[in-house]
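K.L.:
Just dropping this structure here.
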Amino acid sequence: MIKFFLMVNKQGQTRLSRYYEHVDINKRTVLEAEVIKNCLSRTKDECSFVEYKDFKLVYRQYAALFIVVGIDQTENEMAVYELIHNFVEVLDKYFSRVSELDVSFSVSESHLL
């Protein structure tokens, strides 16, 4: 099961977050900081799957954006890795070339509806 979905930039700033389980706001900040630090500190030669506390992190980098998905131990990492790629392809079709600005703008627009 997917626990959360994050999109962050290279500076570690969260641009999009979606939680599928209740997590207190204060705990979200700490969780995001630790998850981002774990993923951004890894080299491109290292695996995109990371064991973290009681779940796994699956991440992918696209230009200046990192997409990180937290999953439970029973989820298939490769399926989530492919899900991330499909998500980016949809964004790329919608925006023609996805950028951090596009993501920030679309998230702020969706909150207005």
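The values are calculated or read from the model by the stated rules, or taken from the named source; none is laboratory data. Everything quoted here is computed from the prediction, not taken from an experiment. No Cβ is skipped: glycine too gets one built from the backbone with ideal geometry, and neighbour counts run over all protein chains shown. Accessible surface is based on the protein model in full, side chains and every heavy atom, while ligands, DNA and RNA are left aside. Shrake-Rupley method; radii C 1.70, N 1.55, O 1.52, S 1.80 Å.
K.L.:
Please identify the chymotrypsin sites (Phe, Trp or Tyr not before Pro) of segment 1-93 that satisfy two criteria: DSSP loop assignment and at most 13 other Cβ atoms within 10 Å. Which are they? Please list the in-between numbers first.
P.N.:
Numbers: sites: F4, F5, Y19, Y20, F49, Y52, F55, Y59, Y62, F66, Y81, F87; in loops: Y20.
Loop-located and lightly packed - Y20.
K.L.:
Round to a whole number: what % of the accessible area of segment 2-107 belongs to carbon and sulfur, probe 1.4 Å?
P.N.:
Values: 3460 of 6520 Å².
Solvent-exposed carbon and sulfur of segment 2-107 make up 53 percent of the total.
K.L.:
Something else now. Pull out a ≥ b ≥ c, the square roots of the eigenvalues of the alpha-carbon gyration tensor of segment 1-40, then state rounded if a/c is under 1.5, prolate if not and a/b is larger than b/c, and oblate in the remaining case. It would help to have the intermediate numbers written out before the result.
P.N.:
Numbers: a/c = 1.83, a/b = 1.49, b/c = 1.23.
Cα axes put segment 1-40 in the prolate bin.
K.L.:
Given the Cα-Cα distance of Q61 and K10 and 0.36 nm per residue of separation, how much length would full extension add, in nm?
P.N.:
Working: separation 51, 0.36 × 51 = 18.36 nm, distance 0.92 nm.
Going from the current span to full extension adds 17.4 nm.
K.L.:
Which trypsin sites (Lys or Arg not before Pro) in segment 1-95 pass both tests, a DSSP loop state and at most 12 other beta-carbon atoms within 10 Å? The partial results should precede the final answer.
P.N.:
Values: sites: K3, K10, R15, R18, K27, R28, K37, R42, K44, K53, K56, R60, K93; in loops: K10, R42, K44, K53.
Passing sites in segment 1-95 are K10, K44, K53.
K.L.:
For Y20 and N38 in one chain, what is 0.36 nm times their gap in residues minus the Cα-Cα distance, to one decimal in nm?
P.N.:
Values: separation 18, 0.36 × 18 = 6.48 nm, distance 2.08 nm.
Contour length minus Cα-Cα distance gives 4.4 nm.
K.L.:
What net charge do the residues around F49 carry, taking every other residue with its C-beta under 10 Å from that of F49, with Lys and Arg at +1 and Asp and Glu at -1?
P.N.:
Numbers: positive: K56; negative: E46, E51, E77.
Overall, the nearby charge balance is -2.
K.L.:
Can you give the Kirkwood hydrodynamic radius for segment 2-107, in Å, rounded to one decimal and based on Cα pairs?
P.N.:
On the way: mean 1/r = 0.0710 Å⁻¹.
Result for segment 2-107 stands at 14.1 Å.
K.L.:
So which GluC sites (Glu not before Pro) in segment 1-52 pass both tests, a DSSP loop state and at most 13 other Cβ atoms within 10 Å of the Cβ? Before the final figure, lay out each step's value.
P.N.:
Details: sites: E21, E32, E34, E46, E51; in loops: E21, E46.
Hits after loop and neighbour filter: E21, E46.
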